[in-house]
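Colleague: First the structure, then my questions, so here it is.
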Amino acid sequence: MRRKFATACIEGHASKRAAAAGIGPKNQAILWRPKWRIAQRPAILTRNLPPKKPAQAPNPLKKPRKNAIDCPKNCRPGRRPKRERTMSLFSRRSDFDHQQNQLSQKITEMRRSGQIWADLSVSNPTRVGLSYPEPMLTALSTKDDLRYNPAPFGSIEARKAVAESLSRPATGKKPARAVDWRRIVLSASTSEAYSWLFKLLSDGGNCGDDVMAPSPSYPLFEHLARLEGLSLRSYRLAYDDAWYVDSGTLIPGPKTRAILAVSPNNPTGHYLHANDFAHLEALGLPIICDEVFAPYALEGAEDEDRIESLLDLNPKCLCFVLGGLSKQVGLPQMKLGWTVVCGPDDLVEEALARLELIADTYLSVSTPVQLALPRFLKEGDVVRKEIAERCARNLAVLKENLQQTAASVRRTEGGWTAVIELPRIQSEDQWISQLLDLGILVQPGWLYDFEREAFAVVSLLIEPDLFARAVAELKTLITRKVAEI
Ligand SMILES: Cc1ncc(COP(=O)(O)O)c(C=O)c1O
């Protein structure tokens, strides 16, 4: 990512929360070192030690040891400095930069003092005034919750419920598709599914493997890959009245293990089209396609070549199609995601056999949520409909307001976010900061790795009246700033 994101504007992820809370610089850990390691050791550690030799004066004739490291004064010659030794207790993959930039500091302060009245960065459906039907709540209390029947991929009933739900295409125009429940793997979230798939496809451990991911896209990819010891290699999503995969940038390296795709993408809303998929498939690598936002189609639903789901295809390569309760029915707190494995039968079988061991090692999906799943998926239709209508309505309001300004809204085929291209009369951070001064929080394009400025990403999940008021303020700001030049 161009600038390390330490903003407080994405919710729900601990590292970002740590940044938001102002957790200090990388070497903070050294301050937490227990006192006894520096001063007095507990008796149990010293009891059987031989008596200490009296300190000797250094022998000036003795040569320093070969490869001795230059040490600060608190360190014996030839040894690594103490600080480095403490740091090496921790892995490189967990060494994320927690430092906040100026903008994120401002966001944190304004959040704390309650000055943000319109948070257009909210992607948490449980915080935007949606109504959840009563039966969804009661689904969680049955006597069977107290019985534990571990199953690596989840219970058969739960997997059948997912298969049934996926067999109904989102637009309702297409015929029902056949989804085999035996190829469905439940996990505690799509994020966890990524980590299992990375374990399946790569030896990780910083052995030089990478995965290809679209750019701009979901910022968490950087963390998900790195935590499995993988690095990210990007391919470009380009825009020419609509987003598309820039096939010239789809260049895997010798150690590329998989291609990631998000359809529709977060934040561009771009669905994979037949052409895009043909380019990805031609690489012959496994494809991990995140379809969490697939039920939320917006513009261009009539496009013939748009791929609603990879489940409608017969891919020639191994594919993993991801989804989950967090977006499907607006229940991120229930922690349940799924992976459908598809592609050539022999590869699917091998993948499932290996995944079974990975899933069995963690057994992470709770029994109550599996039991409640059929009800969540059925009753959740209402929630999904409300979210879809809200996103469509907010997108229309945004486009209508900004069409008479120097800003524009990029074509949004689906999902929960819209991308605004702001006039390049000032920097992206200046726009974001001025909106903040008005009490409106939007996400900067750099958070998603847009290749140039100035973009703002807004959530379409927001309660419509609030959204409309914020958009009216945005319109006024743009008009005023353009008039000033
Ligand atoms: C593209 C994408 N995939 C997955 C997720 C998270 O899904 P889960 O809650 O199942 O981990 C998000 C969350 O915003 C997302 O944007």
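Colleague: Tally Lys/Arg at +1 and Asp/Glu at -1 over every other residue whose Cβ is under 11 Å from the Cβ of residue 343; what's the total?
Modeller: -3
Colleague: Another question, then. Rounded to the nearest 5, what % of DSSP beta bridges with both residues in the range 134-379 are antiparallel?
Modeller: Looking only at bridges with both residues in the range 134-379, the antiparallel portion is about 45 percent.
Colleague: Hey, fewest Cβ within 10 Å first, where do 241, 203 land in order?
Modeller: Ascending Cβ contact count within 10 Å gives the list 241, 203.
Colleague: Cross-link candidates for residue 174: which aspartates and glutamates have Cα within less than 18 Å, leaving aside residues fewer than 8 places away along the same chain?
Modeller: 164, 291, 299, 302, 303, 304, 305, 308, 312, 381, 413
Colleague: For a 19 Å ceiling on Cα separation, which of these pairs sit above it: 335/378; 160/378; 199/327?
Modeller: 199/327
Colleague: Shifting gears a bit: Using the 10 angstrom Cβ neighbour count as an exposure proxy, how do 474, 283 rank, fewest first?
Modeller: Lowest to highest Cβ neighbour count: 283, 474.
Colleague: Right, another one. Considering only the other residues whose Cβ falls under 11 Å of the Cβ of residue 327, what net charge follows from Lys and Arg at +1 and Asp and Glu at -1?
Modeller: It works out to a net charge of -1.
Colleague: Let me ask another. Which of the three applies to the range 405-450, rounded, prolate or oblate, going by the alpha-carbon gyration tensor with a ≥ b ≥ c and a/c under 1.5 meaning rounded?
Modeller: prolate
Colleague: Separate question: Among 400, 291, 413, 453, rank each residue by its count of other Cβ atoms within 10 Å, from fewest to most, as a rough exposure measure.
Modeller: 400, 453, 413, 291
Read-outs: derived from the displayed coordinates by stated rules, not from any lab. Quantities reported herein were computed from a predicted structural model and do not represent experimental measurements. Note: ideal-geometry Cβ built from the backbone for every residue, glycine included; neighbour counts use all protein chains shown.
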